[in-house]
Amino acid sequence: MSIFDTRPKFAVHVAQTDETFPCAGNESLLQGMVRLGRKGIPVGCVNGGCGVCKVRILDGNIRALGPISRAHVTAEEEAMGYTLACRVAPQTPVDLEVAGKLEKPFSKGRAESATASPIPQQQ
Amino acid sequence: MGVMRIGHASLRVMDMDAAIRHYENVLGLKTTMKDKAGNVYLKCWDEWDKFSLILTPSDQAGLNHVAYKVEKDADLDALQKSVEAWGVKTTMLTEGTLPSTGRMLQFNLPSGHEMRLYAMKEYVGTDVGTTNPDPWPDGLKGAGAHWLDHLLLMCEMNPEAGINTVADNTRFMTEALDFFLTEQVLVGPDGNMQAASWMSRTTTPHDIAFVGGPRSGLHHIAFFLDSWHDVLKAADVMAKNKVRIDVAPTRHGITRGETIYFFDPSGNRNETFAGLGYLAQRDRPVTTWTEDMLGSGIFYHTGDLVASFTEVYT
């Protein structure tokens, strides 16, 4: 645990790469994901409008931080667990898969050359 | 005499209360009107017509339409002819379609964006009036933006499929609406593909800009500030209000503008910018930016292309 960030964290697991990152219950999944230090994670408007941080929640509870654009997540998709990582905070450990523009930075070729460790780092 | 300037932008927002707080407290606009459909109309202190921004409640972000003001009502008939002659269908919307606004000539740019032209909007005056005015009014909020200045539209461009709506829009604006080109970006192996353009009707470097992208959308709407110091102060205001800043204060090579990019609470990109750049004139030679120096054109100091800046839009 960093001395500059003592908040309790939930483990968030990314299905594609089997990575886990810690994320506090009062921050977005995207904020936690960015700390992975992985190159190319698209951080767009961070307000639910641009749609670049699409994920599908496979397991775990999340809390909505604000509205998400229907242009990027349809009602059917939302019912299937899709949402935007900038607009949800974890309330339990979360298992997710990345979707849309988030798939590329988490693709296999990228993962091998990325700086982030696949093993959860002590925070 | 045709188009004078940008008149208003109509934006979709997903949280109206948050949007109003943003445009009032961060940019410094004031709400002038609300309608029964829930649309909210706002203006900047230095503008004299009733509104320059319409916020529409929606389940997504983005631009509904952009409107430009023409000088005379008869200009609408003349421009309807020239737009139709160019091959673009038009509709004349009757007075009152938008509150406090006269009839509007409605059409879509080749990129698909809806544009409207109008000659009349209710006059309400600036916050300093017309008789012995102070240079600025008391009680300004946030950045205290002077006026809505321009917008940048992302335009579908797919060279392999032969689609370049940046070039189409540029030609349309020149030939049908009598705008003039101030700057452009030329790319491709032969350096002849127009991937971005800046166009004017006033004496400033741009009243509208077009940039190529995978799909058409809104890149940003921009509000004018006086000086570089006002840009710095605007960034302070954004930090205070926890606004998501996309690009911290810097300068564009293109247009020479001093700028900050940030997002409204629905993810629509805003810009506050200062500096009139240069005197834009019809006989001023067009400035061209090449593919290898595009980074400097966009952000002059670092010369780095910021991925989010070109890939993220609503």
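Once region B:263-310 is narrowed to residues that are without any contact (Cβ under 8 Å) to a residue 40 or more places away in the chain and surrounded by 15 or more Cβ atoms within 10 Å (Cβ to Cβ), the residue that is farthest from the other protein chains (Cβ to nearest Cβ) is B:295. Within 25 Å of residue B:244 (Cβ to Cβ) and either modelled with pLDDT under 95 or charged (D, E, K, R) (or both), is that true of residue B:49? Answer is no for this residue. Give me the residue from region B:236-279 that is of a type in the set (A, V, I, L, M) and not in a strand (DSSP E or B) and, out of that set, modelled with the lowest pLDDT. It comes out as B:276. Restricting B:181, B:186 to residues that are touching a residue at least 12 places away in the same chain (Cβ under 8 Å) and under 21 Å from the mean Cα position of the chain (by Cα) narrows the list to B:181.
Counting only strands (runs of 3 or more DSSP E) that sit completely within region B:17-107, those holding 1 or more residues that are more than 26 Å from residue B:128 (Cα to Cα) and away from chain A (no Cβ under 14 Å) correspond to B:62-70, B:90-93. Being among the aliphatic types (A, V, I, L, M), farther than 27 Å from residue B:168 by Cα and touching a residue at least 60 places away in the same chain (Cβ under 8 Å) holds for only one residue in B:1, B:16, B:33, and it is B:33. Total residues in region A:1-20 satisfying the condition of being at pLDDT 95 or above and aromatic (Phe, Trp, Tyr): the figure is 1.
Being surrounded by fewer than 21 Cβ atoms within 10 Å (Cβ to Cβ), under 16 Å from the mean Cα position of the chain (by Cα) and closer than 22 Å to residue B:200 by Cα, is that true of even one residue in region B:153-176? Taking every residue of region B:153-176 in turn, none turns out to be surrounded by fewer than 21 Cβ atoms within 10 Å (Cβ to Cβ), under 16 Å from the mean Cα position of the chain (by Cα) and closer than 22 Å to residue B:200 by Cα. Here residue A:75 fulfils each of the conditions (1) within 25 Å of residue B:270 (Cβ to Cβ); (2) free of Cβ contacts under 8 Å to residues at least 60 places away in the same chain apart from (1). Mind checking which residues of region B:36-48 are in contact (Cβ under 8 Å) with a residue 60 or more places away in the chain and surrounded by 21 or more Cβ atoms within 10 Å (Cβ to Cβ)? Selection gives B:43, B:44, B:47.
Taken over region A:56-85, the residue count meeting the criterion of being in contact with a Lys or Arg (Cβ under 6 Å, 6 or more places away or on another chain) and surrounded by fewer than 22 Cβ atoms within 10 Å (Cβ to Cβ) is 4.
The values are calculated or read from the model by the stated rules, or taken from the named source; none is laboratory data. Here the structure is a predicted model, which means the values were calculated and not measured. Note: ideal-geometry Cβ built from the backbone for every residue, glycine included; neighbour counts use all protein chains shown.
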